[in-house]
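The values are calculated or read from the model by the stated rules, or taken from the named source; none is laboratory data. All values reported here derive from a predicted model rather than from experimental measurement. Note that we place each Cβ from the backbone using ideal geometry, even for glycine, and neighbour counts take in every protein chain shown. For accessibility, only protein heavy atoms count, side chains too; no ligands or nucleic acids. Shrake-Rupley method; radii C 1.70, N 1.55, O 1.52, S 1.80 Å.
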Amino acid sequence: MEKIVFSVSANKKCAKEVANLLGCEEGKIQINHFQDGEVMVKTKSDVKDKIVIVIQSTSSPAHEKLFELLLLLDSIKRGGAYKIYLYIPYFGYSRQERVSFKNEPISCEVVARILDTAKVDKIISFDIHHKDIKDFFKTEFINKPTTSLFKNYYESILNDEINDKNNIVIVSPDHGSNERAHLLGDALKNAPVIILDKYRPAPNKAEHLKSDADVKDKTCIIVDDIIDTGGTLISASKLLKDKGAKKVLICASHAVLSKNSKKLLKSKQIADIVVTNSIEKRKIKGINYLSISPLIVDDFKD
Ligand code: R5P
């Protein structure tokens, strides 16, 4: 069955790469902005009876990305696609997945319900903030780990440390990344994992409680799903260095990198930063980017 790959605006490079790797057509779209601010998105390519792969993170500005995605999906559906597989590499609103304070909405569930209306065949995301988010959907929802990308990366730069388990520690900067950190630990020859206790003294500020984990003279890899302000990783790496860690490397699946994140790059405590390209922005010098395209292509290998 013929395949065709689309993105609207969020993951254009990734869509091109996936289409090249699959040896299939890259879908063409038309976007019109009207005087009153409304938008119209439609496919200019024929999708009839094709397997359609749509790749679009709902990254900032999330509302625009989400709405243009919904319009493209409607256009594709009306075009008679055989199957539609929707990849949302970075799922915006995923951190609003529970009520923390009275009268708060569960925004993530609202977004899930909206996406259900698109009636695609499957929605796939990567390292989503909380694994239970899948339960918000009626549509089949798959959360794919990006562990293999980071495994290959660290094997290429830290081979000696990985071969000696006494030298390396995988660090979860809070309880939310525990499972992710264990996946990476398992992939790196069962490297030990420690979990730090994070708290937020104010919104967008992160601090850590003292830890009695032994990291003296060890290479620490901190694993997180999102780098937003960078506060979590700065605080965690400072704690590890204060405890005598030899070096601290950080990896995160989604480089939101919003306000204040420049501090992260200036931090002297951090030896290396690696992220995926789930959010396509201008690349920042000093950050290493890993492509998620092979993870998408893997799903279509016969
Ligand atoms: C929080 O629960 C997430 O897993 C990340 O740790 C958080 O979003 C990172 O945000 P920031 O970079 O602003 O500390």
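Assorted remarks:
- Accessible area, probe 1.4 Å, largest first, for residues M1, M40: M1, M40
- Only helical runs count toward this figure. For the chain, summing -39,500 (n - 2.57) over DSSP H runs of n ≥ 4 and dividing by all residues gives -8500 deg cm²/dmol at 222 nm.
- Summed residue charge, Cβ within 12 Å of A191's Cβ, Lys/Arg positive, Asp/Glu negative: 0
- Note on F137/K266: beta-carbon distance plugged into 1/(1 + (r/R0)^6) with R0 of 30 Å gives a FRET efficiency of 0.15.
- Of the chymotrypsin sites (Phe, Trp or Tyr not before Pro) in region 29-83, the ones in a loop by DSSP (not H, G, I, E or B) with at most 11 other beta carbons within 10 Å are F34.
- Fully extended contour minus Cα-Cα distance, from H63 to F34, at 0.36 nm per residue: 8.8 nm
- Exposure rule at most 15 other beta-carbon atoms within 10 Å, DSSP loop GluC sites (Glu not before Pro): the chain longest free segment: 141-302
- Translational diffusion coefficient (Stokes-Einstein; Kirkwood radius from C-alpha pairs) of region 1-50 at 10 °C, 1.306 mPa s, in µm²/s: 133 µm²/s
- Computed over the chain: relative contact order in percent, which uses C-alpha pairs under 8 Å that are six or more apart: 13 percent
- The chain, accessible surface, carbon-and-sulfur percent (1.4 angstrom probe): 49 percent
- Loop-resident sites, region 51-131, for trypsin sites (Lys or Arg not before Pro), counting at most 14 other Cβ within 10 Å (DSSP): R98, K102, K119
- Distance from the alpha carbon centroid of region 117-182 to that of region 1-44 works out to 27 angstrom.
- Projected-area mean, region 197-247, by convex hull of Cα positions, square nanometres: 3.5 nm²
- Calculated SAXS-style log₁₀ I(q)/I(0) at q = 0.07, 0.13, 0.15 Å⁻¹ - the chain, Debye, Cα scatterers: -0.29, -0.93, -1.17
- As a size descriptor, the averaged projected area of the C-alpha convex hull of region 45-157 was calculated at 8.9 nm².
- Normalising by residue count, region 191-302 has a Cα convex hull of 122 Å³ per residue.
- Accessible solvent surface per residue of the chain, calculated while the other protein chains remain in place, 1.4 angstrom probe, Å²: 51 Å²
- Top of S172, S235, S59 by mean-square fluctuation, Gaussian network on the chain, Cα under 10 Å: S235
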